[in-house]
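The values are calculated or read from the model by the stated rules, or taken from the named source; none is laboratory data. Here the structure is a predicted model, which is why all the values come from computation and not from measurement. Reconstructed Cβ throughout: ideal geometry from the backbone, glycine too, with neighbour counts over all protein chains shown. Areas reflect the complete protein model, heavy atoms only, side chains present, ligands, DNA and RNA absent. Shrake-Rupley method; radii C 1.70, N 1.55, O 1.52, S 1.80 Å.
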Amino acid sequence: MANEAKVRAESTQAVETPKTRLAGWFSLIVFLILAGVPFMMTLEMTLIVESALVAALFALATNFLVRDAGLVSFGQAVFYGTGAYTIGLLWMHNRSPFEIGFVLAPFIAAIVALIIGALSLRAREFYFALLTLGFSQLFYSLSIQFYSFTQGDTGIFGIPLPDYLRNPVSSYEFILIVGTLGTVVLWWIRRTPFGLTLRAIRDNRTRSQALGVNVFSVQLAAFVISGFFCGLAGALFIVYQQHAYPAMLNWEASGVPILMSVLGGMGSFIGPIVGAFIYTILQMWVGTETQHWPLFVGLIVLGFVLLYPGGASRALSQIRQLWMKRG
Amino acid sequence: MVSILTGLSTAAILFIVSAGLSLVFGTMRIINMAHGTFYMIGAYLVTLAFAGLTMRATGFVIALILAAVLVSVLGIVIEMFVLRRLYQSEHLFQLLATWGLMLVLEEVTLIVWGPNNVTGSIPGGLSGSFAIGGQSFPFYNAFLIGAALVIAALLWLLLKFTPLGRIIRAAVQDTELIYTLGVNVKRLYTQVFALGTFLAALGGALVAPSTSLGPGMDAQIVMEAFIVSVIGGLGSIWGTALGALVIGLFQSLGNLIAPEVAALAPYLVMILVLIIRPTGIFGKAEA
């Protein structure tokens, strides 16, 4: 692998903890500013930030798999959709209260991830990407085909929220708190021996195997963790929109969190969060001007990938370094 | 009987499109997500831009070739200005770039020709149907099967007997090898990508008269082409032919027996094959 040296350099960079304390204070300030959003901004702006928060968790969970584990999956939307559909289906068929669905959602997504991961991880590289893509289309078709179970392409809408989440401020704060907890847990997982093993496998699979690492189990665990948090993001989407629909599941939906990570910088932990905000704000802004939003997505992707042939993440870590120097 | 033939005509189109995808992957190791969009542009060109030509069978054949050539010129431009800069970067960025291309090209197609679905018409001389076993079978579907056979034969000749074919086969066997052979890799990649887009557009142009064109058709076909190439083993032409047959037959027979499941069949077949053989039927293990 030609990129090996570069990737390894990046991973050692991620393990080092310079100015951890500063980063901690910085995160707290960002959290407090975000918590104040519904009191300082219009409802419309608050909803944009809310949507970005949901997307940020989805992007973080996807980037955990793509960057830390080095597993390029084009099917993470399956778990995002599963999270949303768990709440929707439980309400539609069982009239289960929101809380039950919300708690179950990430676990159901994790179980689905366990099955898909166990089957997909037998394949490597391109075949892995295509297999996850295939599963994603399978679930997408399932959600459209079985109308009586999922209401087909209209999806399940009008999913009721409990009283305490009905007003926009409380639902916003709920999403912010759950999203932050998810972020903290993902950040912590990266730093555990498990997280380090994961990066070791990514950097040199053969050597890790020789050291006695069970590559398959570790990667499967990473796949399940990513699925769990994608599912949690899907559950948060219900708090934001009260609607589960098939387009949440298809492969374009799986590309979006990867794109967000690239936009914000895959190499850094906060990159996907930044990317989710950039993407969401761009979407709202461009979306009101023109209906050709996909054209802009395409141009953004191309612009990024082409202007930085070494990979967008490198450029962004450069920007980040500059930014660190300034801050 | 007729549904088997229908399956064969579906397989014919799938084969032509997937062969292009598979050749590009086999030689260049690029998964081209925009492949379906070249198919879509081919179909739109034949239906809308060359509408006058497509009234008669001979004009239609000219329109087919014109459309495929035009799209392969577009392919060359894209290879030279976009893909060429990505061969050294990670797979993920290559995937993202072709995905970006797909989004851009699809939107531009829809801006040029409008977002409404359009229906083509089968040229005179190729319309009508004939009877087989008491049921009627459209003549055009038989034409598609014939076209696929001709293209398969031409591809076989190209790969077996031309210098370009030899290099492509070497590249499929061992991608690194071609760098040591003194081959002009730049030119090779351009040629292969042009061939790939030519085949995609030809598939789209062939299917245009008998179907309705609209947004999303590119995502649909590119998924099916992925499945076909993956089942057969990326880079293998014979695998692609086999994969196309399996998917084509599954779809048409599935439609007869259980229409709900038929839509899922391709994905199920792909997952099944990859679980048994993670690199496809004729695929070799990743180095």
**For region B:1-276: accessible area per residue (Å², 1.4 Å)** = 38 Å²
**Complete:** Residues of region B:89-108 that bury at least 50 Å² of accessible area, probe 1.4 Å, when all protein chains are present rather than the chain alone, are B:Glu90, B:His91, B:Leu92, B:Phe93, B:Leu96, B:Trp99, B:Leu103, B:Val104, B:Glu107
**Message:** Could you tell me which residue out of B:Phe198, B:Leu245, B:Met1 lies farthest along the dipole of region B:1-276 toward its positive end? Charges go on the beta carbon: Lys and Arg +1, Asp and Glu -1, centred on the Cα centre.
**Reply:** B:Phe198
**Asked** Hey, how many Å between the Cα centroid of region B:156-222 and the Cα centroid of region B:35-90?
**Response** 13 Å
**Request:** Using only atoms on other chains, find how many Cβ atoms lie within 10 Å of each Cβ of peptide B:15-25 and report the average.
**Result:** 0
**Prompt:** So, with a 1.4 angstrom probe, what is the percent of accessible area on chain B that is carbon and sulfur?
**Reply:** 69 percent
**Message:** Which of rounded, prolate or oblate describes region A:27-249 when judged by the alpha-carbon gyration tensor and an a/c cut-off of 1.5?
**Reply:** oblate
**Asked** Residues of B:227-238, mean number of Cβ from any other protein chain within 10 Å of their own Cβ, rounded to a whole number?
**Response** 1
**Asked** When you count, for each residue, the other Cβ atoms within 10 Å and take the mean per peptide, how do B:228-239, B:88-99, A:187-198 rank with the highest first?
**Response** B:228-239, B:88-99, A:187-198
**Item:** Rounded to the nearest 20 debye, dipole of region A:156-259 from Cβ charges on Lys, Arg, Asp, Glu
**Value:** 520 debye
**Request:** Provide A:Trp285, A:Trp251, A:Trp91, B:Trp113 ordered by accessible surface of protein heavy atoms (probe 1.4 Å), highest first.
**Result:** A:Trp285, B:Trp113, A:Trp91, A:Trp251
**Request:** Please give the total accessible area that chains B and A bury against each other, computed with a 1.4 Å probe and expressed in Å² to the nearest 100.
**Result:** 4400 Å²
**In degrees, nearest ten, helix B:265-276 long axis to first principal axis of chain B (Cα)** = 30 degrees
**Request:** Identify which of A:Ala84, A:Ala110, A:Ala23 has the largest mean-square fluctuation in a Gaussian network model of chain A, with springs joining Cα atoms closer than 10 Å.
**Result:** A:Ala23
**Complete:** Gyration tensor on Cα atoms of region B:43-182, a ≥ b ≥ c root eigenvalues, a/c under 1.5 rounded, else prolate if a/b beats b/c, else oblate, says oblate
**Fill in**
Note on chain B: contact order normalised by length, alpha-carbon pairs under 8 Å, 6 or more apart, percent, works out to 38 percent
**Request:** With both partners inside the protein assembly as shown, how many of the DSSP beta bridges are antiparallel, as a percent to the nearest 5?
**Result:** 90 percent
**Request:** Take the alpha carbon gyration tensor of region A:98-147, find the square roots of its eigenvalues, order them as a ≥ b ≥ c, and report rounded if a/c is under 1.5; if not, report prolate when a/b exceeds b/c, else oblate.
**Result:** oblate
**Asked** Against the longest principal axis of chain B, how steep is helix B:57-81, in degrees 0 to 90 to the nearest 10, with axes from Cα atoms?
**Response** 30 degrees
**Complete:** Of B:161-172, A:126-137, ordering from highest average Cβ density within 10 Å down gives A:126-137, B:161-172
**Prompt:** Is there a simple number for the mean count of other chain Cβ atoms within 10 Å of the Cβ of residues in B:267-280, and what is it?
**Reply:** 5
**Prompt:** Of the peptides B:149-159, B:272-282, how do they stack up when ordered by the mean number of other Cβ atoms within 10 Å, highest first?
**Reply:** B:272-282, B:149-159
**Request:** Take the alpha carbon atoms of region A:164-213, find their center, do the same for region A:232-275, and report the distance between the two centers in whole angstrom.
**Result:** 15 Å
**Item:** Simple spin-label estimate for B:Glu260 and B:Thr119 in nanometres, 7 Å along Cα-Cβ
**Value:** 2.8 nm
**Request:** Can you tell me the 0 to 90 degree angle between the C-alpha axis of helix B:35-44 and the longest principal axis of chain B, rounded to 10?
**Result:** 40 degrees
